[in-house]
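Since the structure comes first, as structure tokens, the remarks are kept for the end.
Computed from the coordinates by the stated procedures, all read-outs in this text should not be read as laboratory data. Just so you know, these numbers come straight off a predicted model, no measurement behind them. With ideal geometry, Cβ positions are generated from the backbone for all residues, glycine too; neighbour counts draw on all protein chains shown.
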Amino acid sequence: MLEILLLLGIGIFAGLLAGMFGIGGGALIVPALIFTLDSFNIGGHWITHIAIASSLATIIGTSFSSSWQHNKNHNIEWGILKQMVVGCIIGTIGGSYLASYIPGNWLKIFFTLFLIYTGLKFIFKTAAVEAAPKEAKLLPYYVYVLVGTGIGIFAALVGVGGGIFVVLFLQQCGVNMRKAIGTSAAFTLPVALSGTIGYIIAGWNVTGLPDYSLGFVYLPAVIAIMVSSIPMAKVGVQLAQKLPLDKLVKLFGIFLLLVAVNLLLH
């Protein structure tokens with residue numbers, strides 16, 4: 001029962017973050033799952049792989065919920081998104097397959113570095129939200145495909161939707177911050193779908209995984225987190241529309257740094 005309550009709590013916070021910042025919530029879900037699974041002795045040698053794979057699976061729900069709401073608010077740049085998705089599917093499937101050959105401790109270090117980098121970006125760069133939006137500039141098709149591929153590979157390796165990088169990239173293209181967040185939310189859906197499929201295939205014949213697993217995806221955790229994260233993602237979108245984004249972005253950056261420090265100490 002305690003395990004389920006912890007997983008539901010993870011889903012609540014992950015859903016809020018997904019809706020507010022256009023990310024999948026993996027930055028919270030992965031370390032929280034590592035701590036939870038380790039506390040209940042679930043996963044053993046494969047605990048990091050299970051956390052990353054299960055995180056991607058839960059992102060399917062949060063990204064669908066948040067992107068649906070962002071679309072209703074007309075905050076998705078569909079033209080750019082369609083081009084980036086082509087690359088992200090290729091990159092995510094390839095990255096999830098590659099992850100099965102990387103030791104769990106390496107992935108943990110990789111993810112911790114990702115949290116530090118992302119947190120600093122949120123605090124020092126993306127805090128300049130939309131004070132003076134630039135005119136959006138269109139880039140060649142292959143640039144969007146290449147960027148989508150790179151983000152897809154990285155997202156699969158660390159179990160996130162890659163939303164932070166989409167936001168940063170679109171800001172450099174002059175896209176308004178709210179639309180960057182909305183487009184990022186929609187981008188995380190194909191990343192989560194293709195990444196989950198990749199981890200299921202990669203872990204299909206792996207021994208030592210817990211019961212009720214589908215490849216590296218631990219279904220009890222996925223279901224519990226989805227139940228609470230999907231409705232909270234809608235709440236997060238509503239908050240993003242009403243609250244000052246600059247303060248939210250800075251607070252989230254600080255939160256990511258705290259999570260990174262916590263991971264380094266365990």
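The table below gives the values:
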item: Separation in nanometres of the label points that stand 7 Å from Cα toward Cβ, at Thr207 and Val227; result: 3.4
item: Rounded tilt (10° steps) of 26-39 against the dominant C-alpha axis of the chain; result: 20
item: Cα-projected label distance for Leu138 with Leu113, points at 7 Å along beta-carbon direction, nm; result: 3.7
item: Least to most buried among Val175, Val166, Val259 (fewest other Cβ within 10 Å first); result: Val259, Val175, Val166
item: Which labelled figure in (i) 12.3; (ii) 13.1; (iii) 21.3 is mean projected area of the Cα convex hull in nm², once derived from the coordinates; result: (i)
item: For a label point 7 Å along the Cα-to-beta-carbon line of Leu258, residues of region 229-248 with backbone N under 17 Å; result: 247-248
item: Rounded to 10°, Cα long-axis angle of helix 141-158 versus longest principal axis of the chain; result: 30
item: Per-residue Cβ neighbour rank within 10 angstrom, fewest leading, Phe122, Phe110, Phe64; result: Phe110, Phe64, Phe122
item: C-alpha center-to-center spacing [region 217-266, region 166-196] in angstrom; result: 16
item: Expected 222 nm ellipticity per residue - DSSP helices of 4 or more, -39500 (n - 2.57), all of the chain, to 500; result: -26000 deg cm²/dmol
item: Given 15 as the ceiling on other Cβ atoms within 10 Å, longest exposed-site-free region of the chain for trypsin sites (Lys or Arg not before Pro) in DSSP loops; result: 138-266
item: Helix 163-172 axis, angle to the chain major axis (alpha carbon atoms, nearest 10°); result: 20
item: Cα gyration tensor, region 140-191 - rounded (a/c under 1.5), prolate or oblate; result: oblate
item: Top positive-direction residue, dipole computed over the chain with Cβ charges, set Tyr218, Pro140, Pro231; result: Pro140
item: Sorted by Cβ density within 10 Å, fewest first, the residues Cys88, Cys173; result: Cys173, Cys88
item: Charge-dipole axis of the chain as Lys and Arg at +1 and Asp and Glu at -1 on Cβ define it, positive-most pick from Ile164, Gly11, Ile50; result: Ile164
